[in-house]
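A.B. asks: Right, I'll just put the structure down here and ask away after.
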Amino acid sequence: MEINEQNGRLVIELPAVLDLPAAAEIRDLLIDAAARDTAADVILNFHNVDRISTAAIQVTLAAAAALRLAARRLEAEAVSPAVVDAFRNLGLASDLDQLLDT
Amino acid sequence: MSDDQGYDLSQFKATYFEECAELLAMAEETIARLQEGSGSDEDLNAVFRCVHSIKGGAGAFAFDDLVNFAHVLETALDHLRSGRVALTPHMADLMVRGNDVLGDFVRAAQAGTALPPNHGADILAQLNTLIGGEQTTLKPVLATPPTAPPASAEAAKTFHISFRPAPDMLRTGNDPLLMFRELAGLGDLSLVVDRSALPQLTEMESSRSYLSWNATLVTSKGRNAIDEVFEFVAGDTAEIIITEGDAAAAFVGEAEEGEGWGLFAPPPVETHPVAPSAPAQAAKPAGTAPAAGGDAVHTASIRVDLDKIDRLVNMVGELVITQAMLGQQASGFTVESHPELIQGLQELSHHTRELQENVMAIRAQPVKALFSKAPRLVRDLSGKLSKQVRLVMSGENTEVDKTVIEQLSDPLTHLIRNALDHGIETPEERMAVGKPAEGTIHLGAEHRSGRIFIQIQDDGRGINRERVLAKALEKGLVERGQQLTDEQIDMLIFAPGFSTAAEVSDVSGRGVGMDVVRKNIQDVGGRVVVQSTPGVGSRFILSLPLTLAVMDGMLVQVGGQRYVLPLTNIVESLRPTAQQARSLVDVGEVLTIRGEYINLMPLHAIFGIENAITDPTKGLVVIVETEGGERVGLLVDELLGQQQVVIKSLDSNFRPVQGISAATILGDGRVALILDVSALRQMGALALAAQ
Amino acid sequence: MQNAAPAPEVQTGGTRQFISFTIGDEEYGVDIMAIREIKGWTASTELPNTPQYMRGVINLRGAIVPIFDLRSRFSGGLTQASARHVIIVVSVHDRVIGILVDAVADIITVSAADIQPVPELDHHDHSGFLTGLVTVDGRMVALLDLHQLFDIELVADAITAAA
């Protein structure tokens with residue numbers, strides 16, 4: 001996983017399985033992205049994601065809050081049904097909506 | 001990034017295996033209770049949960065063999081706890097063995113090795129029979145329309161579930177996601193998420209659980225179905241409250257659990273702490289959300305990586321050294337001239353010691369973990385050997401450093417085996433000599449003078465000294481005509497390669513016996529001695545340091561070198577008179593103290609130290625006692641004072657040096673060597689023999 | 001520590017860096033990746049019944065580090081250690097050890113192609129401990145194989161100690 005700058009946005013392509021280790025990695029990438037001295041929004045691209053863990057979802061919630069404080073946004077892109085299901089199963093459908101809302 | 005969480009999968013695996021070890025031990029202990037008949041239904045559930053948790057984590061890491069076996073064992077346990085199969089002694093035994101095999105799979109997964117393909121096949125077959133046998137008996141029941149729901153579950157009820165995972169839950173491979181998915185499958189689920197515990201991103205530990213939930217579930221499946229969903233995570237749950245709050249109050253008064261509610265009581269509720277370890281939550285009215293803090297049910301312990309504790313131990317060690325150094329620097333000052341400084345230093349010394357003791361206590365664990373294997377071992381072996389043996393244990397709560405415990409497991413097992421195999425006689429032999437048919441093995445632990453003593457005592461036949469001596473002669477361990485005391489003969493069983501078992505038995509092993517035991521014990525700074533009386537029994541005494549990190553020592557000077565003598569070894573010190581010190585042919589220098597003769601060992605000669613005092617009447621003799629109880633006098637130049645020292649290994653960068661157990665760093669930053677009194681005694685004897 | 005093992009065959013064609021030091025008139029080089037630090041001589045604590053070249057142990061920030069006298073190891077004759085002498089702290093496998101030398105000479109960068117094999121008829125008995133020779137500004141520098149030098153040492157000693 002890495003952060004790519006694309007058209008003034010910081011894009012992170014997520015792997016197929018967002019398990020515990022992946023959550024740690026995403027967290028670190030998002031900390032990096034949030035710490036960068038830029039106004040760029042951060043995009044999580046979910047198009048590869050088959051499975052997401054609660055740990056990874058927690059990280060996105062915290063990252064969204066962190067970026068919001070800096071008047072930046074965390075956005076989710078290409079969200080698969082598996083991801084939608086996971087957020088919904090945890091009662092976090094509205095949180096996902098916020099990430100999707102452009 | 002922070003230390004405590006890399007992306008390293010191995011870290012999660014390490015946590016998992018650590019937990020497996022605990023779970024396996026807990027399962028074993030619990031099954032043992034069941035075997036004794038003192039267990040309860042809850043115990044079966046507990047074993048079931050242990051196995052389930054192991055399976056769950058194994059699935060997460062794709063340890064397929066482990067998963068497969070755990071699954072069968074789990075299913076069997078499920079049959080037992082549901083009462084479909086009776087818990088006979090045979091079944092309990094099968095569970096013990098099943099748990100053992102499960103342990104083998106866990107260890108194989110941990111080591112990354114594969115077990116033989118048929119490993120545990122017999123157990124697996126028996127378990128399968130257990131399950132399969134049940135299935136056939138169930139068939140007629142299943143023949144009735146399977147669609148008929150249980151009578152108790154036809155009406156939909158509303159449940160409120162307040163669920164807060166333990167912070168560590170995610171790490172164990174349990175994901176709330178799966179549970180809520182299951183819950184949603186039971187009926188109509190709505191969730192309110194509490195995000196208030198979410199920390200800032202930078203403070204976040206990605207594998208820690210921060211969310212908690214209040215759920216409302218309308219289901220016709222009944223309470224048990226909900227319990228089952230949470231049952232698997234019981235150990236990982238900080239708080240779970242399931243309340244039945246049916247708005248349609250139709251069941252009030254009828255429901256079994258509604259009994260005893262007064263007029264003013266709100267609708268009947270039942271609180272249900274799933275976590276067996278958590279204190280029972282007081283009943284709360286339905287619909288009342290748990291207090292915001294929600295801390296009523298609190299985890300009383302946390303899991304800490306041993307590395308972190310070791311870092312702490314090391315830092316405290318450095319602090320002790322610094323404190324000693326300050327004390328030394330300030331030794332020229334008096335209370336009169338610098339009252340605050342001296343007082344401050346005294347307080348520093350006091351606090352340092354207290355801090356150190358507390359830090360050490362973190363690593364300490366009761367020896368119970370070690371002893372808990374003994375009952376099984378004794379039971380299994382006595383069966384195998386057709387002997388009747390009663391095991392008595394004492395001092396199980398004596399605490400000792402975790403590393404010591406780990407290192408002690410094998411030696412202790414071996415000594416217990418030895419006691420059973422070679423010590424205790426058969427019932428017939430015992431009765432023939434007027435002993436009770438049932439032999440006794442006593443396993444005890446106690447703290448004494450800064451060390452822990454573990455003893456394994458049996459009332460068997462004792463060491464056969466004639467046979468030991470004959471064997472030692474045959475192996476060339478002793479010379480013909482050499483005069484040995486009984487104690488010396490007994491200690492021969494620890495000589496490398498020595499084994500008196502007339503034939504190799506599968507109980508006591510193949511000659512890799514007592515010498516390995518002794519080596520293992522010495523590796524953790526311990527000693528083992530044996531006391532034996534023919535016909536009455538033998539007693540093995542293991543003496544071990546409480547901690548591997550710190551000890552009280554006496555600093556001594558020999559020539560230009562300083563050494564540390566462990567305080568526990570020191571009996572007294574004296575400057576002998578010319579009458580007291582004699583030189584005898586074949587024995588070397590001998591001291592007469594209060595009518596007792598004590599061998600004198602000149603440290604300068606053993607270590608080849610120059611410029612040391614060689615005349616005992618001009619130097620000092622420190623009388624030391626080895627763990628075996630032998631006394632010798634060490635000739636040194638002078639005593640420099642008593643101090644606490646932090647033990648540092650020599651072999652981490654070099655190798656062991658004979659006569660030296662470890663090193664330490666003194667207040668002036670120089671290294672001093674810590675003397676190994678028992679080894680010195682042997683070296684002294686050898687040096688003498690060589691003359 | 002992970003860089004302790006020099007792998008010359010992999011690095012053929014590249015350049016390698018060595019710290020060179022002197023013992024008397026001779027100059028030796030040690031792979032810079034193996035070196036942890038260089039410090040002045042401090043008095044050591046002797047270990048009893050060890051070979052002469054084993055100069056005892058020192059306290060290196062809380063770790064007990066053994067010091068080997070390279071002069072003594074090679075040709076006999078103890079180094080008369082003074083404050084001007086130097087301890088080069090290196091890691092060999094998982095161990096941290098110090099080697100006592102006269103002085104640090106240079107940091108040298110040599111291309112792998114310039115490293116000459118050690119001639120068989122080398123009169124020293126330690127040719128097995130050298131991985132090669134290089135010429136730097138007209139000086140011959142013998143490159144040391146620390147693993148050969150100390151690993152064998154530690155293992156052999158450990159065996160005799162255990163016996």
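A.B. asks: Give me the aspartates and glutamates in straight-line cross-link reach of B:Lys648: C-alpha distance below 18 Å, same-chain residues under 8 apart excluded.
C.D. replies: B:Asp307, B:Asp310, B:Glu318, B:Glu357, B:Asp401, B:Asp523, B:Asp552, B:Asp668, B:Asp676, C:Glu46, C:Asp94
A.B. asks: Would you mind computing, in nm to one decimal, how far apart the modelled labels at B:Gln642 and B:Gln482 are, each placed 7 Å from Cα along Cα→Cβ?
C.D. replies: 3.8 nm
A.B. asks: If each of B:His71 and B:Thr592 carries a label point 7 Å out from its Cα toward its Cβ, how far apart are those two points in nm?
C.D. replies: 8.2 nm
A.B. asks: Work out from phi, with θ = phi - 60° and the Karplus expression 6.51 cos²θ - 1.76 cosθ + 1.60, the ³J(HN,Hα) of each residue of the stretch C:48-64, listed in order in whole Hz, and give x for Gly and Pro.
C.D. replies: Result, ordered by residue: x, 6, 10, x, 4, 6, 7, 8, x, 10, 10, 9, 10, 6, x, 9, 8 Hz.
A.B. asks: Enumerate the residues in the stretch B:613-643 having an amide nitrogen under 13 Å from the point lying 7 Å beyond the Cα of B:Val571 toward its Cβ.
C.D. replies: B:622-634
A.B. asks: Starting from the amide H of B:Ser652, placed 1.01 Å from N in the peptide plane, find each other amide H under 5 Å away whose residue is 5 or more places distant or on another chain.
C.D. replies: Those qualifying (amide H under 5 Å, at least 5 residues apart or on another chain) number zero.
A.B. asks: Now for a separate question. Ordered by residue, what ³J(HN,Hα) values in Hz, to whole numbers, does the stretch B:463-471 give under the Karplus form 6.51 cos²θ - 1.76 cosθ + 1.60, where θ = phi - 60° and Gly and Pro are x?
C.D. replies: My calculation for the stretch B:463-471 gives 6, 7, 5, 4, 5, 4, 5, 4, 5 Hz in order.
A.B. asks: Then there is this: Search the structure for amide H atoms under 5 Å from the amide H of A:Ser53, placed 1.01 Å from N in the peptide plane, and list their residues when 5 or more places away or on another chain.
C.D. replies: Hits under the 5 Å cutoff: A:Leu18.
A.B. asks: Quick one: of B:Lys13/B:Lys384; B:Lys308/C:Lys39; B:Lys519/B:Lys618; B:Lys384/B:Lys435; B:Lys519/C:Lys39; B:Lys13/C:Lys39, which pairs are farther than 32 Å apart, Cα to Cα?
C.D. replies: Check vs 32 Å cut-off fails for B:Lys13/B:Lys384; B:Lys519/B:Lys618; B:Lys519/C:Lys39; B:Lys13/C:Lys39.
A.B. asks: Using each residue's phi in the stretch C:78-90, evaluate 6.51 cos²θ - 1.76 cosθ + 1.60 at θ = phi - 60° and report the 3J(HN,Hα) Karplus result to the nearest Hz, with x for Gly and Pro.
C.D. replies: 6, 6, 7, 5, 9, 4, 7, 6, 10, 9, 9, 8, 10
A.B. asks: Where the centroid of each part is defined by its Cα atoms, how far is the stretch B:303-382 from the stretch C:128-148 in Å?
C.D. replies: 47 Å
A.B. asks: Check the straight Cα-Cα distances from B:Lys368 and name the lysines below 22 Å, setting aside those fewer than 8 residues away within the same chain.
C.D. replies: Within the straight-line limit of under 22 Å, B:Lys368 reaches these lysines: B:Lys402.
A.B. asks: Any lysines with Cα under 25 Å of the B:Lys157 Cα? List them, leaving off those in the same chain fewer than 8 positions away.
C.D. replies: Counting by Cα, and skipping residues close in sequence, B:Lys157 has these lysines nearby: B:Lys221, B:Lys284.
A.B. asks: Give me the one-decimal nm value for the distance between modelled label points at B:Glu625 and B:Arg467, 7 Å along each residue's Cα-to-Cβ direction.
C.D. replies: Using points 7 Å along Cα→Cβ, the separation is 3.3 nm.
A.B. asks: Right, another one. Taking amide H atoms as placed 1.01 Å from N in the peptide plane, list the residues 5 or more away in sequence, or in a different chain, whose amide H sits under 5 Å from that of B:Gly439.
C.D. replies: B:Gln388, B:Val389, B:Arg390
A.B. asks: Another one. Taking a ≥ b ≥ c as the square roots of the Cα gyration tensor eigenvalues, with a/c under 1.5 meaning rounded and otherwise prolate when a/b beats b/c, else oblate, which class fits the stretch B:378-487?
C.D. replies: oblate
Just so you know, all these numbers are worked out from the coordinates, no wet-lab data involved. Keep in mind the model is a prediction, meaning the values are calculated, not measured. Neighbour counts run over all protein chains shown; Cβ positions are idealised from the backbone, glycine included.
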